[in-house]
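Novice: Quick one: this structure, given as structure tokens, is what I'll be asking you about.
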Amino acid sequence: MLEKYTKEFRYNTKLAVPVILGMLGHTFVAFADNVMVGQLGTAELAAVSLGNSFVFIAMSLGIGFSTAITPLVAEADGAGNQANGKSALKHGLVLCTLLGLSLFLIILLCKPLMYMMKQPPEVVELAMPYLDLVAFSLVPLIVFQAFKQFSEGLSQTKYPMYATVIANVVNVVLNYLLIFGSFGFPKMGIVGAAVGTLVSRAIMVAYIWYLLKSKKKFHDYVTGFNFRKIEKKVMGKIIGLGFPSALQMFFEVAIFTAAIWLSGVLGKNAQAANQIALNLSSMTFMFGMGLGVAAMIRVGNQKGLRNFPGLRRIAQSIFLLTLLIEVLFAALFLLGRNWFPTLYLDVNDLANLTDNTEVIVLSAQLLLVAAFFQISDGIQVVVLGALRGLQDVRIPTLITFIAYWLIGFPICYYLGLHTELKSTGIWIGLLTGLTASAIMLYIRFNYLTKRLIDN
């Protein structure tokens with residue numbers, strides 16, 4: 001009985017691993033930023049957290065929007081239609097470039113909000129110059145996403161991974177040189193981390209385009225674009241799929257951002273602890289994201305072939321694989337919750353010993369809750385990927401809004417600011433929202449696939 005699901009594990013893993021490694025690359029850059037910046041002090045770590053909270057909201061809209069390219073390319077590939085695949089990439093590039101520039105400008109306009117959010121004043125002052133550069137890095141990042149989603153739609157998940165690995169190496173080296181002023185470079189503090197992020201993302205776009213152009217299979221797809229000929233129908237289809245997908249990701253990222261802001265109201269140490277737990281959780285989340293992309297590709301292909309029983313079986317095999325992996329991560333968080341936070345702070349820094357000790361204790365409490373939401377978080381993102389492969393995006397958008405903002409956020413707010421649970425209460429709210437999302441999305445997938453098979 002189980003074998004009909006487990007026999008798919010190998011191919012699902014082959015598709016997902018390069019995506020996971022590429023996404024882990026993005027998170028590793030954040031990890032490296034946090035570890036290096038954490039050596040400067042808890043205020044600097046909180047400032048990076050606050051600055052990135054604005055960028056993450058914008059990034060969620062850009063990345064969510066770009067995911068519309070993958071199912072369109074996967075369906076065209078399944079049907080053997082190269083022209084439709086190229087058209088999806090061309091129109092996706094135009095939309096992603098415009099979106100990247102728009103999001104950068106919106107962040108600049110929203111900067112004064114920092115002063116109205118009851119955040120620690122020294123944290124806001126540090127975050128301002130950092131935010132300018134990291135916000136501009138969204139433009140190359142979202143253009144890269146268009147190429148990444150296209151490549152994944154053709155089941156070629158390794159090329160975006162190569163580009164991300166090279167960008168990560170550049171980022172970590174520049175961080176080391178510019179944050180601390182090593183080897184005669186200027187000592188720029190957290191602004192140095194922002195410069196590293198911007199340069200590495202620009203290199204990432206240039207490299208993936210060069211890589212795809214130099215491969216015979218992709219050359220015709222990524223060259224010879226006629227950008228003067230833009231079709232309303234194709235634009236409409238990408239926007240129709242991309243906008244709800246962007247909202248889905250926005251609703252989830254926004255509740256985690258709200259957790260950062262609520263933690264800031266509790267103080268800089270609560271915010272620093274939240275940042276540590278969030279950074280560790282986001283690393284394990286990338287496994288779910290990668291498997292979600294595998295689900296989107298495989299479901300998209302089976303939809304193109306109109307093989308609905310196979311579609312349902314393959315998707316459920318990915319759900320089972322995700323569950324097994326996330327249970328392992330939950331155990332890892334439970335066992336390592338007291339040790340992981342010590343990686344982020346200088347435990348031998350006597351001047352900041354009291355702050356650092358408090359942050360480590362708070363982080364361990366948050367990681368206890370995070371252990372349990374590994375499972376909910378992984379399942380909900382993979383089922384969401386399968387639904388995107390079916391090109392079902394509107395009802396899942398409503399589900400994510402209800403789960404995170406009508407169920408999760410009120411619990412975060414009440415337990416965090418009005419009970420003794422404080423930071424732990426905020427994370428119990430996150431756990432509740434993710435669990436509600438996972439259950440409702442699976443019910444939706446189950447209903448749709450049964451209906452397709454019956455018809």
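The values are calculated or read from the model by the stated rules, or taken from the named source; none is laboratory data. If you're wondering where the values come from, they're calculated on a predicted model, not measured in any experiment. All Cβ positions, glycine included, derive from the backbone under ideal geometry; neighbour counts span all protein chains shown. We work out accessible area using only protein heavy atoms, side chains counted, and drop any ligands, DNA or RNA first. Shrake-Rupley method; radii C 1.70, N 1.55, O 1.52, S 1.80 Å.
Novice: Enumerate the helices (runs of 4 or more DSSP H) found wholly within the range 121-235, keeping only those where 1 or more residues are more than 29 Å from Gly290 (Cβ to Cβ) and open to solvent by less than 20 Å² (accessible area, probe 1.4 Å).
Specialist: 121-136, 158-179, 190-213
Novice: Residues to consider are Phe308, Phe225, Phe287, Phe319; find the one that is within 26 Å of Leu99 (Cβ to Cβ) and touching a residue at least 12 places away in the same chain (Cβ under 8 Å).
Specialist: Working: Phe308 fails: within 26 Å of Leu99 (Cβ to Cβ); Phe287 fails: within 26 Å of Leu99 (Cβ to Cβ); Phe319 fails: within 26 Å of Leu99 (Cβ to Cβ).
From the options Phe308, Phe225, Phe287, Phe319, the qualifying one is Phe225.
Novice: Any residue at all in the range 306-327 that's closer than 23 Å to Arg10 by Cβ, crowded, with 24+ Cβ neighbours inside 10 Å and basic (Lys, Arg)?
Specialist: For the range 306-327, residues closer than 23 Å to Arg10 by Cβ, crowded, with 24+ Cβ neighbours inside 10 Å and basic (Lys, Arg): absent.
Novice: Under 8 Å by Cβ, and 6 or more places apart or on different chains, what pairs join a residue from the range 177-197 that is farther than 15 Å from Leu45 by Cα with one that is among the small types (Gly, Ala, Ser) and part of a loop (DSSP other than H, G, I, E, B)?
Specialist: Every condition considered, the pairs that remain are Lys187/Gly181; Thr197/Ser137.
Novice: Test Tyr404 against the criterion of being modelled with pLDDT of 95 or more and open to solvent by 10 Å² or more (accessible area, probe 1.4 Å), and give yes or no.
Specialist: Spelling it out, it is not the case that Tyr404 is modelled with pLDDT of 95 or more and open to solvent by 10 Å² or more (accessible area, probe 1.4 Å).
Novice: Residues of the range 79-103 being in a helix (DSSP H, G or I) and surrounded by fewer than 19 Cβ atoms within 10 Å (Cβ to Cβ), which ones? Talk me through it step by step, then tell me what you get.
Specialist: Just the residues of the range 79-103 that are in a helix (DSSP H, G or I), to begin with: 82-103.
Result: Gln82, Ala83, Asn84, Val94, Thr97, Leu98, Leu101, Ser102.
Novice: Tell me whether the range 283-300 contains one or more residues that are of a type in the set (A, V, I, L, M, F, W, C) and over 20 Å from the mean Cα position of the chain (by Cα).
Specialist: Checked against the condition, which is being of a type in the set (A, V, I, L, M, F, W, C) and over 20 Å from the mean Cα position of the chain (by Cα), the range 283-300 yields at least one hit.
Novice: For the structure I just gave you, tell me whether Tyr413 is closer than 17 Å to Ile260 by Cα and open to solvent by 60 Å² or more (accessible area, probe 1.4 Å). Reasoning before the result, please.
Specialist: Working: closer than 17 Å to Ile260 by Cα: yes; open to solvent by 60 Å² or more (accessible area, probe 1.4 Å): yes.
So Tyr413 fits the description; yes.
Novice: From the list Leu40, Leu61, Leu50, Leu45, which residue is touching a residue at least 40 places away in the same chain (Cβ under 8 Å) and part of a loop (DSSP other than H, G, I, E, B)?
Specialist: Just one listed residue meets the conditions, Leu40.
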